[in-house]
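Participant: My questions all concern the structure below.
The values are calculated or read from the model by the stated rules, or taken from the named source; none is laboratory data. Keep in mind the model is a prediction, meaning the values are calculated, not measured. Please note: Cβ atoms are built from the backbone with ideal geometry, for glycine as well, and neighbour counts cover all protein chains shown.
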Amino acid sequence: IAARGGDVPHKGSHYVQGAGGGQDDLIDAKLADGEYVFDAEIVAALGDGSNKRGAEILDKWRQKIRKHKRSASVDGIPPKAKSPLEYMKGIK
């Protein structure tokens, strides 16, 4: 079972909302080995100033990567990864 970093809601996304502002670091997070966190400034930049929109873009990006990497048959070898920018193409 994955830890969820306390009672901070993420609403089906990996976008965290809670107390404080975009750079206050007031939310405790429990992360698994190998996970990576984008700071609020980058998320907002992806969303043209909107953290929520930036999170939507990142969620679509994650979905495209997973879909591609899981596209092989159960017995097959996963396809080679594309560049991160290649996965971003077409996401709005």
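Participant: Can you name the residue in the stretch 59-92 that is surrounded by fewer than 10 Cβ atoms within 10 Å (Cβ to Cβ) and among the hydroxyl-bearing types (Ser, Thr, Tyr) and, of all such residues, is nearest to Val16 (Cα to Cα)?
Facilitator: Going through the qualifying residues, I end up with Ser83.
Participant: Look through Asp75, Asp48, Asp59 and report the one residue that is among the acidic types (Asp, Glu) and either in a helix (DSSP H, G or I) or touching an Asp or Glu at 6+ places or on another chain (Cβ under 6 Å) (or both).
Facilitator: From the options Asp75, Asp48, Asp59, the qualifying one is Asp59.
Participant: Mind checking which residues of the stretch 56-92 are in contact with a helix residue (DSSP H, G or I) (Cβ under 7 Å, 6 or more places away or on another chain) and in contact (Cβ under 8 Å) with a residue 40 or more places away in the chain?
Facilitator: The one that is in contact with a helix residue (DSSP H, G or I) (Cβ under 7 Å, 6 or more places away or on another chain) and in contact (Cβ under 8 Å) with a residue 40 or more places away in the chain: Leu58.
Participant: Have a look at Asp48, Asp39 and point out the one that is at pLDDT below 90 and either out of contact with any strand residue (DSSP E or B) (no Cβ under 8 Å at 6 or more places or on another chain) or closer than 22 Å to Asp25 by Cα (or both).
Facilitator: After applying the criteria, what remains is Asp39.
Participant: Could you grab the pairs with beta carbons closer than 6 Å, sequence gap of 6+ or different chains, first residue in the stretch 41-55 and surrounded by 13 or more Cβ atoms within 10 Å (Cβ to Cβ), second one aromatic (Phe, Trp, Tyr) and not in a helix (DSSP H, G or I)?
Facilitator: Once the first residue is surrounded by 13 or more Cβ atoms within 10 Å (Cβ to Cβ) and sits in the stretch 41-55, its partners that are aromatic (Phe, Trp, Tyr) and not in a helix (DSSP H, G or I) give Ala55/Tyr15.
Participant: Kindly indicate which of Ile65, Ile1, Ile77, Ile57 is β-branched (Val, Ile, Thr) and at pLDDT below 90.
Facilitator: Result of the check over Ile65, Ile1, Ile77, Ile57: Ile1.
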